[in-house]
Amino acid sequence: MASAYSLAWDVPLLGRNTFHVDARAHCLATVHDATALPSLLAEPALQNLPPMVLGAGSNVLFATDRFAGCLIHLQCDSIRIVDDAGAHALVHVDAGCEWDALVDWALDHGLQGLENLALIPGQAGAAPIQNIGAYGVEVGKFMAAVHVYDRQAGAFDRLTTERCAFGYRDSVFKREPDRRIVTAIELLLPKAGATHLSYAGLGEELAAMGGLSPTPRNVAAAVRRIRRRKLPDPAVAGNAGSFFKNPVVTRAVATELQSRFEGVPVYPTSGDAVCKLSAAWLIEQAGWRGFRDGDAAVSAQHALVLVNLGQATGPQLLALARRVAASVQERFGVALEPEPRIVGAKFQL
Ligand SMILES: Cc1cc2nc3c(=O)[nH]c(=O)nc-3n(C[C@H](O)[C@H](O)[C@H](O)COP(=O)(O)OP(=O)(O)OC[C@H]3O[C@@H](n4cnc5c(N)ncnc54)[C@H](O)[C@@H]3O)c2cc1C
């Protein structure tokens, strides 16, 4: 029988992070069967190595040339329908499944909800970590439960949605990094119903595609077209998508900014007292779009995306991120918070 996991030492990470940062990891554990996680973590050789799960590396910046711990990469990738009765299907997805393949699988099985999240890179197991969201939809809306191995409790656990504390690019998993290893997710997906077109550009894209009706499959196609046009392709210029979260501020702060600067975009949130600003707008207004320092740059295509145009190191990309955030802070008095996980350094300005 094949081993449930394998270990490799002194592993290059260049092909394992979408920033294409040339770092190395002391150890990489590839896990084929998540039930073996307790045995893996009990391996004598790993006792002094801090573990960190690495999915597809599309939301991490290795800001060190060497990660001195053990990266855990889950490869289990099966998808199965657990309950098909009624208007929804309950779907169990292993953590190692590729997210965008899951979106296609759902569409092929007549299940909807994930179409607005098409083409987000990464593994399904990473989706709950920052509650991935795009085009007006967050995955937490469909998450019935998250299966984990809880390192603190030394036991497997199943967290229902209430325990996940999903928020904007936030969850209990993000707040307590490395405590829980997500082994699978359960999604409750509707079989019918209206698609989400609250993001204005979606309706326009469907119109530009020949006036297509907003079926889940057409919405996914529209989302993919917009994303390919707007976002730099990591295969061409290394990046981790949006580098900063949109700042959430009080309504008073937003109003004050609007009185001082013309055209500040302000978006409502579910809470009455707070609203969201556009980090991309703030960065662009501060003059950073297209800025380049060596191979570390702010994308000319999208101001929210930092790009590696060749040989940029993690520390160089982090230094640029700090400069961008410092200048936005100075000009607008607004703090920017990074969205990707920064490994081996702190973000502080
Ligand atoms: C071009 C591009 C576009 C993007 N667009 C979006 C977008 O629209 N919306 C959005 O929300 N994000 C977006 N992202 C960010 C990223 O794709 C998502 O956050 C994705 O879920 C990360 O998956 P991953 O497997 O690459 O995770 P990784 O980058 O490998 O890991 C990210 C974090 O999750 C943790 N983690 C990963 N897997 C597990 C697990 N099984 N158990 C416990 N912890 C785990 C890691 O330790 C790390 O802290 C984009 C990224 C790129 C490059």
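The values are calculated or read from the model by the stated rules, or taken from the named source; none is laboratory data. The structure presented is a predicted model; accordingly, all values stated were derived computationally and were not measured. Positions of Cβ are generated from backbone atoms using ideal geometry, with glycine treated the same way; all protein chains shown enter the neighbour counts. Accessible surface areas use protein heavy atoms only, side chains included; no ligands, DNA or RNA. Shrake-Rupley method; radii C 1.70, N 1.55, O 1.52, S 1.80 Å.
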Practice item. Find the lysine pairs in the chain meeting two conditions, Cα atoms under 26 Å apart and a separation of 8 or more places or different chains, and report how many there are. Key: 13
Practice item. Please report, in debye to the nearest 20, how large the charge dipole of segment 208-280 is about its Cα centre when each Lys and Arg carries +1 at its beta carbon and each Asp and Glu carries -1 there. Key: 420
Point to revise | Residue among Ala254, Leu13, Val82 farthest towards the positive dipole end of the chain, charges placed on Cβ | key: Ala254
Review point. Which value in deg cm²/dmol, rounded to the nearest 500, describes the helix-derived mean residue ellipticity at 222 nm for the chain, given -39,500 (n - 2.57) per DSSP H run of n ≥ 4 and division by the residue count?
Key: -7000 deg cm²/dmol
Practice item. Calculate, for Arg322 and Glu284, the FRET efficiency according to 1/(1 + (r/R0)^6) with r their C-beta to C-beta distance and R0 25 Å; round to the nearest 0.05. Key: 0.90
Review point. Within the chain, which cysteines find no other Cys whose Cβ is under 4.7 angstrom from their own?
Key: Cys76, Cys97, Cys164, Cys275
Study note, to complete from the structure: Of Asp65, Asp157, ordered by accessible area with the largest first and a 1.4 Å probe, the sequence is Asp65, Asp157
Point to revise | Accessible surface, per residue, of the chain when the full set of protein chains is kept, probe 1.4 Å, Å² | key: 45
Check your understanding: Which whole-number percent is the relative contact order of the chain (Cα, under 8 Å, 6+ apart)?
Key -> 17
Review point. Size of the dipole of segment 211-349 about the Cα centre, Lys and Arg at +1 and Asp and Glu at -1 on the beta carbon, nothing else charged, in debye to 20?
Key: 460
Point to revise | Share of carbon and sulfur in the accessible heavy-atom surface of segment 144-274 [1.4 Å probe, %] | key: 54
Practice item. May I ask you to order 78-90, 310-322 by the average number of other C-beta atoms within 10 Å around their residues, highest value first? Key: 310-322, 78-90
Check your understanding: With point charges of +1 on the Cβ of Lys and Arg and -1 on the Cβ of Asp and Glu, referenced to the Cα centre of the chain, which listed residue (Ala345, Val223, Thr30) lies farthest in the positive direction of the dipole?
Key -> Ala345
Study note, to complete from the structure: Sorting Pro214, Met52, Ala286 by the position of each Cα along the dipole of the chain (Lys, Arg +1; Asp, Glu -1; all at Cβ), the one nearest the positive end of that ordering is Ala286
Check your understanding: Given the chain, what whole percent of its Cα pairs are spread farther than 37 Å?
Key -> 19
**Study point:** Point-charge dipole on Cβ atoms (K/R +1, D/E -1) for the chain, about Cα centre, debye to 20
**Key:** 720
